[in-house]
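This report refers to the structure that appears directly beneath it.
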Amino acid sequence: MSVKRTGSSSLRIEGLYGVLDPSVVTLDAKDPEEALEIAVSEALAGGCRIIQYRDKHASPRKAFSRARRLAGICGKAGALFVVNDRLDVALMAGAGGCHLGQDDLPIPEARRLTPPGFLLGTSTHNVVEARQAEQDGADYIGVGAIFRTTTKDDALEPGGPKLVAEVASSVSLPAIAISGITRENVREVIRAGASGFAVISDLFGGPEIRERAREFLRIWEEEKNRR
């Protein structure tokens, strides 16, 4: 996965976008904080260069503490660290970006609070939302739900690779496929036009995280070279 400048302060995101969710990583861990740090370090060692910290249950204090530590690990590896939903935590922890949902702060308002070069992404579920995100000045969009997932209680009915194709062709922003992405189906979303793919369970939900990251990136390189 690479992060490329595309002009001004915007960033282009490609390939593997690792989403670190404590509900997946720390499920059976004796030391949850250590488990999170090990998981991130292993993903980075496998070549992942974007990590999003997604935590729907932590208090603001715990989220900040975790984000600050994880941002430091990613910074040392030269990787981009993004916080999901919580712009305040992202800014205070030294993250490089924040991913906002449809019910979070609007992109234009969030942009007023962020320094130059800070990355803002947003979740989209159809062409209308994707075009609005582009108009609002998002740096990239998440597109989903693509496949069924167990890590999001309110996930929408999956749109499949067809949704990726529709949205990706309607905007110039990088489109990151989200929801249920695995090593078995990731080729479908890449071939449909996704700029990248967000992965939670099939990256962080088991052993050999480093090897899983490498496999995702190998598939990405193979498919990208065929375009």
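With the requirement that a residue be out of contact with any Gly (no Cβ under 8 Å at 6 or more places or on another chain) and either outside any loop (DSSP other than H, G, I, E, B) or among the β-branched types (Val, Ile, Thr) (or both), what does segment 201-215 give you? Write out each step before concluding.
Here is the first cut: in segment 201-215, the ones out of contact with any Gly (no Cβ under 8 Å at 6 or more places or on another chain) are 201-202, 205-208, 215.
Those that are out of contact with any Gly (no Cβ under 8 Å at 6 or more places or on another chain) and either outside any loop (DSSP other than H, G, I, E, B) or among the β-branched types (Val, Ile, Thr) (or both): 201, 202, 215.
Which condition number does residue 160 fail, the rest of (1) at positive phi; (2) touching a Gly at 6+ places or on another chain (Cβ under 9 Å); (3) not hydrophobic (A, V, I, L, M, F, W, C) being met?
(2)
Return the residues of segment 13-45 that are within 17 Å of residue 149 (Cα to Cα) and crowded, with 17+ Cβ neighbours inside 10 Å; say none if nothing qualifies.
17, 18, 19, 20, 21, 22, 24, 25
Quick check on this structure: which one of 171, 89, 164 is touching an Asp or Glu at 6+ places or on another chain (Cβ under 7 Å), among the aliphatic types (A, V, I, L, M) and not in a strand (DSSP E or B)? Break it down stepwise before answering.
Values: 89 fails: touching an Asp or Glu at 6+ places or on another chain (Cβ under 7 Å); 164 fails: touching an Asp or Glu at 6+ places or on another chain (Cβ under 7 Å).
It is 171.
I'm trying to understand the selection: among the residues of segment 196-227, which are of a type in the set (A, V, I, L, M) and touching a helix residue (DSSP H, G or I) at 6+ places or on another chain (Cβ under 9 Å)?
So the first thing to find is which residues in segment 196-227 are of a type in the set (A, V, I, L, M), and the list is 198-200, 203, 209, 213, 217, 219.
Of everything in segment 196-227, those that are of a type in the set (A, V, I, L, M) and touching a helix residue (DSSP H, G or I) at 6+ places or on another chain (Cβ under 9 Å) turn out to be 199, 200, 203, 209, 213, 219.
Could you figure out which of (1) more than 25 Å from residue 44 (Cβ to Cβ); (2) more than 17 Å from the chain's Cα centre (by Cα); (3) at pLDDT 95 or above isn't true of residue 158?
Only one criterion is unmet by residue 158, namely (3).
When you scan segment 74-85, do you find a residue that is closer than 20 Å to residue 205 by Cα, at pLDDT 95 or above, acidic (Asp, Glu) and surrounded by 15 or more Cβ atoms within 10 Å (Cβ to Cβ), even just one?
no
Here's the yes/no breakdown for (1) under 21 Å from residue 40 (Cβ atoms); (2) more than 14 Å from the chain's Cα centre (by Cα); (3) of a type outside the set (Asp, Glu); (4) not in a strand (DSSP E or B):
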{"site": "62", "(1), (2), (3), (4)": "yes, yes, yes, yes"}
{"site": "69", "(1), (2), (3), (4)": "yes, yes, yes, yes"}
{"site": "99", "(1), (2), (3), (4)": "yes, no, yes, no"}
{"site": "108", "(1), (2), (3), (4)": "no, yes, yes, yes"}
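Across segment 173-195, which residue is surrounded by the fewest Cβ atoms within 10 Å (Cβ to Cβ) among those that are out of contact with any helix residue (DSSP H, G or I) (no Cβ under 8 Å at 6 or more places or on another chain) and closer than 14 Å to residue 124 by Cβ? Give the steps one after another, and end with the answer.
Pass one, segment 173-195, residues out of contact with any helix residue (DSSP H, G or I) (no Cβ under 8 Å at 6 or more places or on another chain): 174, 176, 178-180, 184-185.
Retained after the next criterion (residues that are closer than 14 Å to residue 124 by Cβ): 174, 176, 178-179.
Values: 174: 24, 176: 31, 178: 30, 179: 22.
Only one residue fits best here, namely 179.
Can you name the residue in segment 102-148 that is without any contact (Cβ under 8 Å) to a residue 24 or more places away in the chain and surrounded by 15 or more Cβ atoms within 10 Å (Cβ to Cβ) and is also farthest from residue 91 (Cα to Cα) among such residues?
132
Residues of segment 190-215 being closer than 13 Å to residue 14 by Cβ and out of contact with any Asp or Glu (no Cβ under 8 Å at 6 or more places or on another chain), which ones? Write out each step before concluding.
At the first step, the residues of segment 190-215 found to be closer than 13 Å to residue 14 by Cβ are 190, 193-198.
Answer for segment 190-215, where residues must be closer than 13 Å to residue 14 by Cβ and out of contact with any Asp or Glu (no Cβ under 8 Å at 6 or more places or on another chain): 193, 194, 197, 198.
Mind telling me which of the residues 150, 122 ends up being closer than 17 Å to residue 199 by Cα and under 14 Å from the mean Cα position of the chain (by Cα)?
122
Name the residues in segment 130-147 that are under 18 Å from the mean Cα position of the chain (by Cα) and in a helix (DSSP H, G or I), would you?
Of everything in segment 130-147, those that are under 18 Å from the mean Cα position of the chain (by Cα) and in a helix (DSSP H, G or I) turn out to be 130, 133, 134.
Would you call residue 115 part of a loop (DSSP other than H, G, I, E, B) and not polar (S, T, N, Q)?
Values: part of a loop (DSSP other than H, G, I, E, B): yes; not polar (S, T, N, Q): yes.
Judged against the criteria, residue 115 is a match.
The values are calculated or read from the model by the stated rules, or taken from the named source; none is laboratory data. No experiment lies behind these values; they were computed from the predicted model shown. Note that each Cβ is placed from the backbone with ideal geometry, even for glycine, and that neighbours are counted across all protein chains shown.
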